[in-house]
Ligand code: AMP
């Protein structure tokens, strides 16, 4: 069973890789970033509570994030595997995931890290466009949609994320190095970490990643 954690700094290609993986392996895609963006768009209590933090590139509290993921992972569609994207991001979240894995029998089985140097990340993030409806990621230079400004998958108008500006990106990168990068060691010790080079052309990353995941089935 594939219980996947997708890791990497902002702009490493997690969203794009998630699009292939969820389709090729029929896994529910659980992106905490997408869940938070949906909450903000709907104007719910949770959305109002987190808006300023997310827009500035900060991290939402572990308590809120863990509760959201626990509820989502407990649903029936995760019983045959899942793809976690953007979670865990802190040691406390990784420990909570371990605990919920034991509780509901859905512990992560593989952690994939897409590595990428900072200078590549900043240029990718500021030229990224995303689909607010299905979450697909594009790039106005390297990964254009067939029709400008329109999602290839669902036909919605593409947008630029509010936190995809240089100031918010710097905060996200700092948070990544301070809170999330240490998780690479954590999953290395657990024996489930696999590294991929996120600077390679997307088609190469896709071939390598898909072959690797197939070898686990
Ligand atoms: P992402 O789409 O993964 O880049 O996430 C967008 C934003 O949502 C992040 O910059 C955080 O503000 C928030 N967020 C997403 N996932 C988490 C998480 N696991 N813990 C805390 N905040 C998160």
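Under the classification rounded if a/c is under 1.5, otherwise prolate if a/b is larger than b/c and oblate if not, where does region 80-141 fall, given a ≥ b ≥ c as square roots of the Cα gyration tensor eigenvalues? Here region 80-141 falls in the prolate category. Relative contact order, whole percent, for region 101-212 stands at 34, derived from Cα pairs under 8 Å and 6 or more residues apart. Sort the chain into rounded, prolate or oblate with this rule: let a ≥ b ≥ c be the square roots of the eigenvalues of the Cα gyration tensor; rounded if a/c is under 1.5, and if a/c is not under 1.5, prolate when a/b is larger than b/c, oblate otherwise. Because its axes are fairly even, with a/c under 1.5, the chain counts as rounded.
Centre-to-centre, using Cα atoms only, region 102-120 and region 170-215 are separated by 6 Å.
With both partners inside the chain, how many of the DSSP beta bridges are antiparallel, as a percent to the nearest 5?
Values: 6 of 22 bridges.
If we restrict to bridges inside the chain, about 25 percent are antiparallel.
Taking square-rooted eigenvalues a ≥ b ≥ c of the alpha carbon gyration tensor, is region 1-40 rounded, prolate or oblate, where a/c under 1.5 means rounded and, failing that, a/b exceeding b/c means prolate? Oblate, because a/c is 1.5 or more while a/b does not exceed b/c. Rounded to the nearest 500 deg cm²/dmol, what is the calculated helix-only ellipticity per residue at 222 nm for the chain, with -39500 (n - 2.57) per DSSP H run of length n ≥ 4? That calculation yields -14000 deg cm²/dmol at 222 nm. Bridges between two residues of region 90-217, per DSSP, are antiparallel at a rate of about 55%.
Find the centroid of the Cα atoms in region 47-101 and in region 123-138, then give the distance between the two in whole Å. Value for the Cα centre distance between the two parts: 21 Å.
Using packing as a proxy for protection, rank 133-140, 191-198 so that the peptide with the highest average count of other Cβ atoms within 10 Å comes first. Walk me through the numbers on the way to the answer.
Working: 133-140: 18.5, 191-198: 15.6.
In decreasing order of mean packing, 133-140, 191-198 become 133-140, 191-198.
Every number here is computed from the coordinates shown, using simple stated rules; none is lab data. Note that the coordinates shown come from a computational prediction; the quantities given were computed from them, not determined experimentally. Cβ: placed from backbone, ideal geometry, glycine included. Neighbour counts: every protein chain shown.
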